[in-house]
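Some notes on the structure that comes next.
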Amino acid sequence: MTPNDGELALLRASAQNGDPEAQLRLAFLYLEGDAVERDDAKALSLGLQAAEAGLSRAQLFVGAMYFRGWGAELSYPKAIEWFIKGADGGCHECEFNIGLMYYMGLGVLRNPRMAAQWSLRSRGPGLAPAARNRWGAPDDGEEPPHDGAEARARALKAAEAGNPMAQFNLGVTRLLGQGGPEDLAEAAHWFRQAAERGHLEAKLNLDYLERLQASPRPRRS
């Protein structure tokens, strides 16, 4: 929701006083050009302040900024560094991103086993669990039982109703080939829908898909 002038002034004051939540919200406003002129460098600066204060969602934000090259030169090593910090703080989306970066060899040596381990860690509330066979590495545990058909039906209904998290989750399942063959075109569709509603991770995953489709598919080890 776009803040009015009074709300924006309070938000700026809170950010200047070191409130990481306010810093992150203001960072998003500058990134999106919402109520302020778009300024990627200022968005990154504010995000870094919140990230350095230990806010895991801000660490996710900063990692995504370095991954996209927004506000600073593109840097996969810095991106994964911040994703790891966010993962240490319990950010499951950061764990998922680390898995994809290991799978694609972005900022790190390609390592399918590490990719699988990070993807398995990303089973958190609101995020689709990663498929253990996606990266060709074995899993030491068993997949938890679930009613896949019923869960997919609920997710599809929520996504079609415009829920960005449901749209993001559907994109993940199609990217990972859960409940059926992988479908990069459908994954891109759902990520795009979520991205248009401001879902940062969906925007990031659109970049992943573009890179997957523009380069030869990595071989399973």
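Net length available on complete extension from residue 36 to residue 182 is 48.6 nm, with 0.36 nm assigned per residue and the Cα-Cα distance removed. Over all directions, the projected convex hull of the C-alpha atoms in region 67-119 averages 3.3 nm² in area.
Near residue 54, within a Cβ-to-Cβ distance under 10 Å, what is the net charge of the other residues, with Lys and Arg +1 and Asp and Glu -1? That works out to -1. Note on residue 154/residue 207: beta-carbon distance plugged into 1/(1 + (r/R0)^6) with R0 of 41 Å gives a FRET efficiency of 0.90.
Sorting 180-186, 153-159 by average packing, meaning the other beta carbons within 10 Å per residue, from highest down gives 153-159, 180-186.
Every read-out reported here was derived from the displayed coordinates using simple, explicitly stated rules and does not represent laboratory data. Model, not experiment: these values are computed from the prediction. Quick reminder, even Gly has a Cβ in these numbers, built from the backbone with ideal geometry, and neighbours come from all protein chains shown.
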